[in-house]
Amino acid sequence: MVLAIVGRGVISMGLLVENAGSPAGALLHPESPADFAALSMVTVGAALAVFCTIPALRTPTSGAAGGRSRKAAARAALVLVAGAAVWSLAGSAWGARTTAVTMEAFDFRPQTVTAAAGRLSLSVTNNDTSRHTFTSDALGVDVSVGPGQSRRIRLEAKAGRYDFYCKPHTPGMEGELIVK
């Protein structure tokens, strides 16, 4: 029983590590209700796994080596799951700084975006009634954003100037990303 609980904790840790990109940011700015539901279930499941592992730590040991090793395994699993949870939730806070870009009146606002070289995070919000894209050929980005939706775009960029545009509304709906 104790090993099953510890096993669930390890599986939950794996799920957290797999989704370590930034659950906190994704939960605050979900791309769709389905994304929010799935990520919420993974996060809640991992938290439950941590709490379910705690009783394994309280299992009385009868002095047998098996009891001590199970207790040690439960402690190790708890530390790993808690560490993965902290790593996963802190990813958005310690990662790239987020820059907001709005699509409104068939235009990007601001049209010129400035960011530091390295890891970039753009929060792109579509305030129009038409679907838009945030596309940059040089950066290999092509993200579709539905009416009233927001999408988070994470990328790596070296110093330089990068054009971005909306595929269906070009020419006219264009902008520039300046990376310093």
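The values are calculated or read from the model by the stated rules, or taken from the named source; none is laboratory data. Bear in mind the structure is a predicted one, so any value in this text is a computation, not a measurement. As a convention, Cβ positions derive from the backbone with ideal geometry for all residues, glycine included, and neighbour counts pool all protein chains shown. Surface accessibility is based on the protein's heavy atoms, side chains included, excluding ligands, DNA and RNA. Shrake-Rupley method; radii C 1.70, N 1.55, O 1.52, S 1.80 Å.
Numerical summary
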read-out: Residues of segment 99-129 that turn out to be farther than 14 Å from residue 164 by Cα, among the hydrophobic types (A, V, I, L, M, F, W, C) and in contact with a Gly (Cβ under 9 Å, 6 or more places away or on another chain), as a count; value: 1
read-out: Filtered residue count, segment 129-147, keeping only those that are in contact with a helix residue (DSSP H, G or I) (Cβ under 9 Å, 6 or more places away or on another chain) and open to solvent by 10 Å² or more (accessible area, probe 1.4 Å); value: 5
read-out: Output for segment 115-131, where each listed residue is more than 16 Å from residue 99 (Cα to Cα) and touching a Phe, Trp or Tyr at 6+ places or on another chain (Cβ under 8 Å); value: 128, 130
